[in-house]
1. Using helices alone, what [θ] at 222 nm do you get for the chain, with -39,500 (n - 2.57) per DSSP H run of 4 or more residues, divided over all residues and rounded to the nearest 500?
2. For the chain, give me every cysteine whose Cβ has no other Cys Cβ within less than 4.7 Å, ordered by residue number.
3. On a full-extension model of 0.36 nm per residue, what is the gain between residue 154 and residue 239, subtracting their alpha-carbon distance, rounded to one decimal in nm?
4. Compare the Cα positions of 151, 179, 135 along the charge dipole of region 83-184 (+1 at Cβ of Lys, Arg; -1 at Cβ of Asp, Glu; about the Cα centre) and return the one farthest towards the positive end.
5. Below 8 Å, C-alpha to C-alpha, sequence gap of six or more: please give me the relative contact order for region 442-525 in percent.
6. With unit charges on the beta carbons (Lys and Arg positive, Asp and Glu negative) and the dipole taken about the Cα centre of region 362-504, which residue among 372, 400, 426 sits farthest to the positive side?
7. For the full complex of protein chains and a 1.4 angstrom probe, list 155, 341 by accessible area with the highest value first.
8. Rounded, prolate or oblate: which one fits region 305-381, using the alpha carbon gyration tensor with axes a ≥ b ≥ c (rounded when a/c is under 1.5, else prolate when a/b beats b/c, else oblate)?
Amino acid sequence: MAAPPKPEEISHPPMDQLQGLEYCIDSNPAWGEAIALGFQHYILALGTAVMIPSFLVPLMGGTDGDKVRVVQTLLFVEGINTLLQTLFGTRLPTVIGGSWAFAVPIISIIHDSSLTRITDPHERFLGTMRAIQGALIVASSVQIILGYSQLWAICSRFFSPVGMVPVIALAGFGLFDRGFPQAGQCVEIGVPMFILFVIFSQYLKNFQFRQWPVMERFALIITITVIWAYAHLLTASGAYRHRPDATQRNCRTDKANLISTAPWIKIPYPLQWGAPTFDAGHAFGMMAAVLVSLIESTGAYKAASRLASATPPPAHVLSRGIGWQGIGILFSGLFGTATGCTVSIENVGLLGSTRVGSRRVIQISAGFMIFFSILGKFGALFASIPFPIFAAVYCVLFGLVASVGLSFLQFTNMNSMRNLFIAGVSLFLGLSIPEYFREYTTAAFHGPSHTKAGWFNDFLNTIFLSSPTVAMMVAVFLDNTLDYKDSAKDRGMPWWVKFRTFKGDSRNEEFYTLPFNLNRFFPPS
């Protein structure tokens, strides 16, 4: 009779750091490889950087030329914010990009009666941009205060692994509508892109060229090049000549009008659209988006720390990062990017796909963002990639970030009915409530909150459209009210508590110490 299996043979012990990553947060590939990887992160960041202005600027009355300038400005500010965050914020390898969380208050500003009555489209665009700038400048104070006052660090004491699992998971799962629904708008390029990316990055990942894992490292750039060329071939051959406008807009490589309208050289600068205008109602609505950005970024930072093979960021480091992100939103308002900023989830997912979590790679990508935003024609060339190509990649990268969130369950007792209840209910409501708000808005052309107070409507509709935000409210409340005193071990607190403070784990100093010996002036708590 065979001997019964040993416990270690049928279970996997919890691990602080993911295994199999080639480069962690503070180890760097060779310069040539690092530059190529940085360029890959830049290409991936273009998807959201182009999509947001392409959606918002025409609603504001802007022309294709205005759209190009906003895209350039957004990329320029993204580069600056990414450098600041990786140098002085959390120091995690995260790209700070544009955020869809700001769409509700921005659309509300666009439809403000004081702006819609402006007859000249260009004047209306400038007036709307200045109003958005003013709201962003005021609202940025929320993250700046919560971050630098360490209030967010105090709030994080109520977080546990079981409470954060839904937040991190839904940072990826909650973006499901940005995946295949968008890729399916041009199936003939979206589906091949998805299949090729999976084959190259997973099934052919062991293919090496001169002992260099080319497919695993550069599956994204290789597949984008192949499918982009294929899409250009379809466009040039006239495959879309008599197709509906929506199909042409999503599939053609020459429909965005970015290259023809982009200037050769243009340096974005603060207040380039004129002096911002300030309205209390606009600012209050925008504050909800800033709170959503804060919560989504909190989950993204924890996912990035895991994919960079680092320890979870200590409370004061997380709070410091939120403070710098508030500065980033302030810059977004000053420069006029037409949206605020948050951590780019797709770029966090790319850390796991390439198995390179190096901080230097992300800093190089920030350099590409700044460089190509100034050289308009060259930047516009890459920005003309059809969005379904990016959406197909999101199907993989968003899912990867979500699975990192689920990996935190290993530190909890998932044989506990209490934990099963919290995780299940918060995950379900985090998906279900925002979907209700989306469907209601699509049918009624306004959100479920539809009172005479516009700022109040914007606040509620923005909060409840965010899956990670809903999940955090539900999970943290339940986790801190349901038998919490007797469930510390089940919640994973013995593992979690040592990472709350900078000195709680010896590895924190290696990962999160400020550069240039700045810790002398800002000692860690």
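1. Using -39500 (n - 2.57) per qualifying helix, the result is -20500 deg cm²/dmol.
2. Among the cysteines of the chain, those whose Cβ sits 4.7 Å or more from every other are 24, 155, 341, 395.
3. Length difference between fully extended and current span is 24.8 nm.
4. Going by the charge dipole, the pick is 151.
5. Relative contact order for region 442-525 comes out at 12 percent.
6. The residue sitting farthest along the positive end of the dipole is 372.
7. Solvent-accessible surface, decreasing: 155, 341.
8. Note, shape of region 305-381 comes out oblate.
The values are calculated or read from the model by the stated rules, or taken from the named source; none is laboratory data. Note that this is a predicted model, so its numbers are computed, not measured. Cβ atoms come from the backbone with ideal geometry, glycine included; neighbour counts cover every protein chain shown. Please note that ligands, DNA and RNA were not included when accessible areas were found on the heavy atoms of the full protein model with its side chains. Shrake-Rupley method; radii C 1.70, N 1.55, O 1.52, S 1.80 Å.
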